[in-house]
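*Asks:* Got a structure for you, written out below as structure tokens; questions coming shortly.
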Amino acid sequence: MKEECLICKAPLVYLESDEEMECAICHKKENSKTRCVNGHYVCNECHMAGLDTIVGLCLSATSKNPVEIIEQMMALPFCHMHGPEHHVMVGAALLTAYKNAGGDIDLASALTEMISRGKSVPGGACGFWGACGAGISSGMFVSIISKSTPLAQEPFALSHKMTAKSLTAIGEIGGPRCCKRDSFLSILSAIDFVKERFGVEMERPEVVCHYASQNNQCIGKRCPFNKVNHGVI
């Protein structure tokens, strides 16, 4: 087994209904459907400890390539193979690349808003909500750059269309989970969407996965980013 439980590395189990659990790190009690086979539970907040370190990375980045930016985030010590940190990182990488490609935003305040919104999407949303947090993060990104609110007209529509585009790409591949795969799919969907709808062209790279050996649920050749599908051995 690769990384699973942050406490003992044992496999995770997903329950049919919520149970009260105590975080093994901060000892906060809350309801959840997720724990490891040994009973350990880690809350979303503890799972994302260290996430704020991405702000400095984003503010100093000059790249127009959001995949490159998120992979730099994925290499930081706080980031795990799977987890709700991806629900922030997708939008943060897109905001940074968008700014560097000429997008008119205050990046510092946009990142603060992205962290606040993304943190509200819990781990396991992909399976329990029918809406992967990485896909939702791309919608949050468009909502931020278009200044959408519940009372907006065109920005409201655009942010929903962005989320739908990302979730369609994720749904076409299917499960099981892979936070890296779904993050890349969402980012590539957003690059195309923003070029078409906002006229800002971020760099769109060929994505080749380097995380398969860390993922117990890797779908192999069915993944569009699998090395074999790109002629990489």
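The values are calculated or read from the model by the stated rules, or taken from the named source; none is laboratory data. Owing to the predicted nature of the structure, the values given are computational and were not obtained by experimental measurement. Virtual Cβ from ideal backbone geometry, glycine too; neighbours counted across all protein chains shown. Remember, those area values only see protein heavy atoms, side chains included, never the ligands or the DNA or RNA. Shrake-Rupley method; radii C 1.70, N 1.55, O 1.52, S 1.80 Å.
*Asks:* Highest first, please rank the peptides 72-78, 183-189 by the mean number of other Cβ atoms sitting within 10 Å of their residues.
*Replies:* Descending packing order for the listed peptides: 183-189, 72-78.
*Asks:* How far apart, in nm, are two points set 7 Å out from the Cα along the Cα-to-Cβ line at THR112 and at ILE219?
*Replies:* Calculated label separation equals 3.9 nm.
*Asks:* Give me the dipole magnitude in Debye, nearest 20, for the chain about the Cα centre, with unit charges on the beta carbon: positive for Lys and Arg, negative for Asp and Glu.
*Replies:* Dipole size: approximately 440 debye.
*Asks:* Here is a follow-up. Would you mind pulling out the separation of the Cα centroids of the stretch 91-140 and the stretch 1-37, in Å?
*Replies:* 25
*Asks:* In debye, nearest 20: dipole of the stretch 1-108 around its Cα centre with unit charges on the Cβ of K, R (+) and D, E (-)?
*Replies:* Using only the charged Cβ atoms, the result is roughly 240 debye.
*Asks:* Tally up the carbon and sulfur contribution to the accessible surface of the chain as a whole percent, 1.4 Å probe, everything protein left in place.
*Replies:* With neighbouring chains kept in place, the figure for the chain is 51 percent.
*Asks:* Work from the charge dipole of the chain (Cβ charges, +1 for Lys and Arg, -1 for Asp and Glu, about the Cα centre) and give the residue of ALA131, PHE141, THR53 farthest towards its positive end.
*Replies:* Comparing the listed Cα positions along the dipole, ALA131 ranks first.
*Asks:* So, one more: On full extension of the chain, what length is gained from PHE78 through HIS210, given 0.36 nm per residue of separation minus the C-alpha to C-alpha distance?
*Replies:* Result: 45.7 nm gained on full extension.
*Asks:* Under a point spin-label approximation (7 Å from Cα along Cα-to-Cβ), what is the VAL232-CYS26 distance to one decimal in nm?
*Replies:* 3.5
*Asks:* Still on this structure, please answer the following. Which whole number in µm²/s is D for the chain by Stokes-Einstein, with the Kirkwood Rh taken over Cα pairs at 4 °C and 1.567 mPa s?
*Replies:* 72
*Asks:* Pick from ARG197, ARG117, ARG35: which residue has the top mean-square fluctuation in a GNM of the chain where Cα pairs under 10 Å get a spring?
*Replies:* Judging by the Gaussian network model, the answer is ARG197.
*Asks:* How long are the three semi-axes of the equivalent ellipsoid of the stretch 99-217, in whole Å, if each is the root of 5 times an eigenvalue of the C-alpha gyration tensor, listed from largest down?
*Replies:* With the √(5λ) rule applied to the stretch 99-217, the semi-axes are 24, 17, 14 Å.
*Asks:* Something else now. Report relative contact order for the stretch 27-109 in percent, whole number only (criteria: Cα-Cα under 8 Å, sequence separation at least 6).
*Replies:* The value is 32 percent.
*Asks:* The stretch 1-100: which GluC sites (Glu not before Pro) are DSSP loop and have at most 14 other beta-carbon atoms within 10 angstrom?
*Replies:* Hits after loop and neighbour filter: GLU3.
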